[in-house]
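Here the structure is laid out as structure tokens; the discussion comes afterwards.
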Amino acid sequence: MSSFAVRSAQALRSATRRVPRAAAKIPMSAQTASYSLLARNAMSVSRRDVPLTRGMKTLDFAGTKEVVYERSDWPLAKLQDYFKNDTLALIGYGSQGHGQGLNARDNGLNVIVGVREGGESWKQAVEDGWVPGKTLFPIEEAISRGTIIMDLLSDAAQSQTWPKVAPLITKGKTLYFSHGFSIVYKDDTHVIPPPDVDVILVAPKGSGRTVRTLFKEGRGINSSIAVWQDVTGKAKEKAVAIGVAIGSGYMYETTFEKEVYSDLYGERGVLMGAIQGLFCAQYKVLRANGHTPSEAFNETVEEATQSLYPLIGQHGMDYMYNACSTTARRGALDWAKVFEETNTPVFERLYESVRNGTETRRSLEFNGRATYRQDLEKELKEIDEQEIWRAGKVVRSLRPDNLS
Ligand SMILES: NC(=O)c1ccc[n+]([C@@H]2O[C@H](COP(=O)([O-])OP(=O)(O)OC[C@H]3O[C@@H](n4cnc5c(N)ncnc54)[C@H](OP(=O)(O)O)[C@@H]3O)[C@@H](O)[C@H]2O)c1
């Protein structure tokens, strides 16, 4: 589909001209740089896409008014002053622990990490400069030392460790999550916070690795924020401030229920589960009809991720359609409806499976096993060994930027 590819390349070039580049390449010597870069990005986004006035908090999203909080309201000095008497105890050092912890530390806040001694996370934390006995502790000790307890263990581990954690969440502390999972599905997780602490949530809309890279680039990840329990009357303000501290650019208000339902649904859907399923189905049919692995991969994954999906991300679906040939547009417009109708019942089944706790129980059972890391690795290896992804490795190695 060469004309297709040419049009896409043209569209991408023109997109690149139209969109002010994120200041990704600018070295960040101080976190203030991060703030000013984000402010610049925020202004360029506002000029281009939505009538966003700095400081305005209620925005119109396709006819629905929503409240959005922005990082520029929290200059670094204000942030540091706000948390000057706090110790952020970050419990767990997976993807989110790494990203959120390093960002909050770079923002000059008092952060300590709590993980089980000798585990994979302990090693990782030491590599990232957390010092045993000073900023790195066993879980229970870190909770005792902290005023804001950021529970970033795996969701299954939050439930398993709760009997030991709960007595340490004493009056005046704040309990923080990045997912509504443990709290909303309390009948399954048995995580019930004491009544005299604020319970808040900041859920970055991306992997913890992205939380970190965007922060280092001077940008900020979108996050959801929510309050479950407000004892001090300051819970929401605190959620916004921590959201800024861990590297959020814009924060969208939600509830614990809405956050967990949409998140479990989305990752099982188009973010991860559905996309792997659709890629495999399309590839399989191409291969069954005699197409080579490279042709099937190029037409399924490579063109999607390298050419068309970035256009959707930058300018929306209609822009991507417009960047393609009239032949492509006609067929895609017709078949989009077929895919929507065929898949809507699957998404309805998925949402119900999330809402009724089936997905939660499955996650708790699987991720609560002592062998959860090895079991997961085995399943991911099976994906890695699928022909589609083996073919993908060769195609990727042939990208112009990978050739010396
Ligand atoms: N990753 C994302 O993209 C993402 C995005 C938004 C929100 N969240 C939420 O953020 C939270 C953390 O997620 P994550 O992806 O960063 O981490 P994760 O990979 O789910 O969990 C890893 C952490 O849990 C610890 N852990 C696992 N089992 C344990 C047990 N039985 N006892 C003690 N520690 C145990 C691990 O320690 P060891 O190394 O010692 O096993 C590690 O520190 C979750 O609530 C998740 O839903 C994640």
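So which residues in the range 206-224 are in a loop (DSSP other than H, G, I, E, B) and more than 12 Å from the ligand (Cβ to nearest atom), if there are any at all? Let's see the steps before the verdict.
Within the range 206-224, the subset in a loop (DSSP other than H, G, I, E, B) is 206-207, 217-220.
Correct list: Glu217, Gly218, Arg219, Gly220.
Any residue in the range 153-170 that is open to solvent by less than 10 Å² (accessible area, probe 1.4 Å) and part of a strand (DSSP E or B)?
Checking the range 153-170: not a single residue is open to solvent by less than 10 Å² (accessible area, probe 1.4 Å) and part of a strand (DSSP E or B).
Which pairs have Cβ atoms under 7 Å, sit 6 or more apart or on different chains, and link a residue in the range 366-378 that is over 16 Å from Asp188 (Cα atoms) and modelled with pLDDT of 90 or more to one that is in a loop (DSSP other than H, G, I, E, B) and more than 9 Å from the ligand (Cβ to nearest atom)?
Note: pairs meeting the criteria are Asp375/Arg369.
Within the range 110-130, can one find any residue that is in contact with a strand residue (DSSP E or B) (Cβ under 6 Å, 6 or more places away or on another chain), among the polar types (S, T, N, Q) and more than 10 Å from the ligand (Cβ to nearest atom)?
no
Considering Val202, Val227, which residue is in a strand (DSSP E or B), closer than 15 Å to Tyr69 by Cβ and open to solvent by less than 10 Å² (accessible area, probe 1.4 Å)?
Values: Val227 fails: open to solvent by less than 10 Å² (accessible area, probe 1.4 Å).
Residue meeting the stated conditions: Val202.
Could you please let me know if Thr254 is modelled with pLDDT of 95 or more, hydroxyl-bearing (Ser, Thr, Tyr), closer than 25 Å to Val184 by Cα and open to solvent by 50 Å² or more (accessible area, probe 1.4 Å)? Spell out how you get there, then give the answer.
Values: modelled with pLDDT of 95 or more: yes; hydroxyl-bearing (Ser, Thr, Tyr): yes; closer than 25 Å to Val184 by Cα: yes; open to solvent by 50 Å² or more (accessible area, probe 1.4 Å): no.
It is false that Thr254 is modelled with pLDDT of 95 or more, hydroxyl-bearing (Ser, Thr, Tyr), closer than 25 Å to Val184 by Cα and open to solvent by 50 Å² or more (accessible area, probe 1.4 Å).
If a residue has to be assigned to a strand (DSSP E or B), within 15 Å of the ligand (Cβ to nearest atom) and of a type in the set (S, T, N, Q) to count, how many in the range 54-106 make the cut?
The number of residues fulfilling the criteria is 0.
Return the pairs, sorted by first residue and then second, in which the second residue is within 9 Å of the ligand (Cβ to nearest atom) and of a type outside the set (Lys, Arg), the first residue lies in the range 109-130 and is under 14 Å from Ile143 (Cβ atoms), the beta carbons are less than 6 Å apart, and the residues are 6+ apart or on different chains.
Val113/Tyr93; Val113/Ala125; Gly114/Ile91; Gly114/Ile139; Val115/Tyr93; Val115/Ser121; Val115/Trp122
In the list Glu340, Glu382, Glu348, which residue meets the criterion of being more than 15 Å from the ligand (Cβ to nearest atom) and within 30 Å of Asp187 (Cβ to Cβ)? Write out each step before concluding.
Details: Glu340 fails: within 30 Å of Asp187 (Cβ to Cβ); Glu382 fails: within 30 Å of Asp187 (Cβ to Cβ).
Matching residue, one of Glu340, Glu382, Glu348: Glu348.
Kindly provide the set of residues from the range 237-262 that are of a type in the set (Gly, Ala, Ser) and closer than 14 Å to Lys205 by Cα, ordered by number. Outline the logic, then answer.
Our first condition is that a residue be of a type in the set (Gly, Ala, Ser); within the range 237-262, this holds for 239, 241, 243, 245, 247-249, 262.
Gly243, Gly247, Ser248, Gly249, Ser262 - these are the residues of the range 237-262 that are of a type in the set (Gly, Ala, Ser) and closer than 14 Å to Lys205 by Cα.
Among the residues in the range 284-307, are any modelled with pLDDT of 95 or more, under 20 Å from the mean Cα position of the chain (by Cα) and open to solvent by 60 Å² or more (accessible area, probe 1.4 Å)? Reasoning before the result, please.
Initial filter on the range 284-307 (modelled with pLDDT of 95 or more): 284-307.
From what is left, the residues that are under 20 Å from the mean Cα position of the chain (by Cα) are 305.
Going one step further and asking which of them are open to solvent by 60 Å² or more (accessible area, probe 1.4 Å), we end up with none.
No; the residues of the range 284-307 include none that is modelled with pLDDT of 95 or more, under 20 Å from the mean Cα position of the chain (by Cα) and open to solvent by 60 Å² or more (accessible area, probe 1.4 Å).
Being closer than 20 Å to Glu253 by Cα and more than 9 Å from the ligand (Cβ to nearest atom) is true for just one of Ile183, Ile169. Which residue is that?
From the options Ile183, Ile169, the qualifying one is Ile183.
Considering every residue within the range 113-129, establish whether at least one is within 21 Å of Leu264 (Cα to Cα), open to solvent by less than 50 Å² (accessible area, probe 1.4 Å) and under 24 Å from the mean Cα position of the chain (by Cα). It would help to see each step written out before you state the result.
As a first pass, look at the range 113-129 and keep what is within 21 Å of Leu264 (Cα to Cα): none.
Checking the range 113-129: not a single residue is within 21 Å of Leu264 (Cα to Cα), open to solvent by less than 50 Å² (accessible area, probe 1.4 Å) and under 24 Å from the mean Cα position of the chain (by Cα).
The values are calculated or read from the model by the stated rules, or taken from the named source; none is laboratory data. Every value quoted in this text rests on a predicted model; they were computed, and no experiment measured them. We place every Cβ from the backbone using ideal geometry, glycine too, and count neighbours over all the protein chains shown. Side chains included, ligands, DNA and RNA excluded: accessible areas come from the protein's heavy atoms. Shrake-Rupley method; radii C 1.70, N 1.55, O 1.52, S 1.80 Å.
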